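These notes concern the structure reproduced below.
The values are calculated or read from the model by the stated rules, or taken from the named source; none is laboratory data. Predicted, not measured: the structure shown is a model, and the values here were computed from it. Here Cβ is always computed from backbone atoms with ideal geometry, including for glycine, and neighbour counts include all displayed protein chains.
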Amino acid sequence: MKWNPVREFWLPMAFQDPAFLHALIFCSDGFGAIATGVKERPASVIHLRHAIRIVNERLSAPVPIITDTTIVVVCSLAHTEVCGLGLLKVKLLILCFRN
């Protein structure tokens with residue numbers, strides 16, 4: 001049987017980290033929406049907001065919590081934004097993480 005990175009790596013990580021779980025749901029739905037010609041769905045935006053809130057809490061802690069999973073969340077959200085919604089929203093997303 002071939003190695004499946006989603007089953008072997010991404011899903012276990014998502015079940016251990018709430019920010020990544022929300023990001024994974026948002027990204028999955030985002031790419032599905034792009035495939036059907038829809039920009040974004042309200043339900044997926046809720047997951048985006050949760051992921052951003054959790055990452056903001058981690059980064060604004062007295063000692064910022066920067067884990068591999070936090071980096072994966074930021075990269076996943078940025079990748080989805082670039083692929084589906086354009087650079088203007090990527091800039092907004094980056095500003096959200098900085099503040």
Qualifying residue in region 46-55 (condition: loosely packed, with under 11 Cβ neighbours inside 10 Å and closer than 17 Å to Leu77 by Cβ): no
Qualifying residue in region 27-42 (condition: more than 14 Å from Ser76 (Cα to Cα) and acidic (Asp, Glu)): yes
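Okay, residues lined up against (1) of a type outside the set (D, E, K, R); (2) in contact with a Cys (Cβ under 6 Å, 6 or more places away or on another chain); (3) modelled with pLDDT under 75:
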| position | (1), (2), (3) |
| --- | --- |
| Glu57 | no, no, no |
| Ile65 | yes, no, no |
| Thr70 | yes, no, no |
| Val74 | yes, no, no |
| Leu77 | yes, no, no |
| Gly84 | yes, no, yes |
| Leu88 | yes, no, yes |
| Leu93 | yes, no, yes |
| Arg98 | no, no, yes |
Verdict on Phe20 being among the aromatic types (Phe, Trp, Tyr), buried (at least 19 other Cβ atoms within 10 Å of the Cβ), under 11 Å from the mean Cα position of the chain (by Cα) and modelled with pLDDT of 90 or more: yes
Residue in region 28-39 that is among the charged types (D, E, K, R), outside any helix (DSSP H, G or I) and over 15 Å from the mean Cα position of the chain (by Cα) present: yes
Hits in region 1-27 - residues which are in a helix (DSSP H, G or I) and among the charged types (D, E, K, R): Arg7, Glu8
Condition check for Ala61: touching an Asp or Glu at 6+ places or on another chain (Cβ under 8 Å), surrounded by fewer than 13 Cβ atoms within 10 Å (Cβ to Cβ) and not charged (D, E, K, R): no
